[in-house]
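Quick notes on the structure that follows.
The values are calculated or read from the model by the stated rules, or taken from the named source; none is laboratory data. On a predicted model such as this, the values are computed, not experimentally measured, just so you know. Here Cβ is always computed from backbone atoms with ideal geometry, including for glycine, and neighbour counts include all displayed protein chains.
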Amino acid sequence: MKLEGAIFDLDGTLLDSMGIWEKVPNLYLSSKGLPESDTLHKEISVLGLEASAEYVGKKYNIPDSPQTILADIIAIVGEFYRCDAELKEGAAEFLRTIWEKGVKICVATATDKELAKAALERCGVLKYISNILTCDELETTKQVPLIYRTALDILGTEKDRTVIFEDAYYAAKTAKDDGFTVCGIYDKSESEDIKTLCDYYIENYNEAGEIFD
């Protein structure tokens, strides 16, 4: 397929970072002296950060404001993004290759923008990315296609020559149902098989060069 635009999710798609988000809910609960939960991560996995903070505050009757809860969560994960988060296999080379061919690149993520920028800059690929859009700034989630539509408008590319790269089944389905071409990428945290949903599927970005010109 001839690419003009590429819209990448961040966690689990460009960054091998889903593990930290699985741990964060219980790290936060522990910091408040609350018992750990086996289900909280799943409950908030489809929400943006602000919505997650509000959900946690209400569920556990935490007196802090959602903004304070969010700040606490970002503090917990901040060091990981600034110092430890790594790219998925082959991602740096793939981004460089398509950028050199003139493909316009955007990131669409539920993660805090400053954390995303810090990780991508440290990994040496921020220079390839024209924009980072977050669910929080658009007041949305990936259960609806707003973030993908906004990214497409910003890139200014043709929809049928723009590909969404996602690891999460629900997000890939949102994009696919809205008429986008979707490439799924394997991540060990994703339990649902997105191979049959997506137009393309890769185990890692070393395989992507065989698909996208």
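A few notes on this one:
- Boolean, LEU95 is assigned to a helix (DSSP H, G or I), under 26 Å from THR150 (Cα atoms) and not aromatic (Phe, Trp, Tyr): yes
- Scope the range 51-66; condition surrounded by 12 or more Cβ atoms within 10 Å (Cβ to Cβ) and either assigned to a helix (DSSP H, G or I) or not β-branched (Val, Ile, Thr) (or both); matching residues: ALA51, SER52, ALA53, GLU54, TYR55, VAL56, GLY57, LYS59, TYR60, ASP64, SER65, PRO66
- Hey, THR97 farther than 16 Å from ALA208 by Cβ and either modelled with pLDDT of 90 or more or of a type in the set (Val, Ile, Thr) (or both) or not: no
So that you can scan it fast, the table gives a plain yes or no per residue for (1) assigned by TED's automatic domain parsing to the domain that holds ALA171; (2) buried (at least 16 other Cβ atoms within 10 Å of the Cβ); (3) of a type in the set (A, V, I, L, M):
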residue: GLY78; (1), (2), (3): no, no, no
residue: GLU93; (1), (2), (3): yes, no, no
residue: VAL103; (1), (2), (3): yes, yes, yes
residue: GLU139; (1), (2), (3): yes, no, no
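- In the set (1) within 21 Å of the chain's Cα centre (by Cα); (2) surrounded by 14 or more Cβ atoms within 10 Å (Cβ to Cβ), LYS42 fails one condition alone, (2).
- Evaluation of ASN204 against (1) surrounded by 19 or more Cβ atoms within 10 Å (Cβ to Cβ); (2) closer than 22 Å to GLU93 by Cα (one fails), failing number: (1)
- Within the range 1-38, tally of residues that are over 26 Å from CYS83 (Cβ atoms) and in contact with a Pro (Cβ under 9 Å, 6 or more places away or on another chain): 1
- Here ALA108 clears all of (1) closer than 24 Å to LYS2 by Cβ; (2) assigned to a loop (DSSP other than H, G, I, E, B); (3) at pLDDT 95 or above except the condition numbered (2).
- The range 2-28 residues that are free of Cβ contacts under 8 Å to residues at least 40 places away in the same chain, paired with ones that are surrounded by fewer than 18 Cβ atoms within 10 Å (Cβ to Cβ) and among the hydroxyl-bearing types (Ser, Thr, Tyr) (beta carbon under 6 Å, 6 or more apart): none
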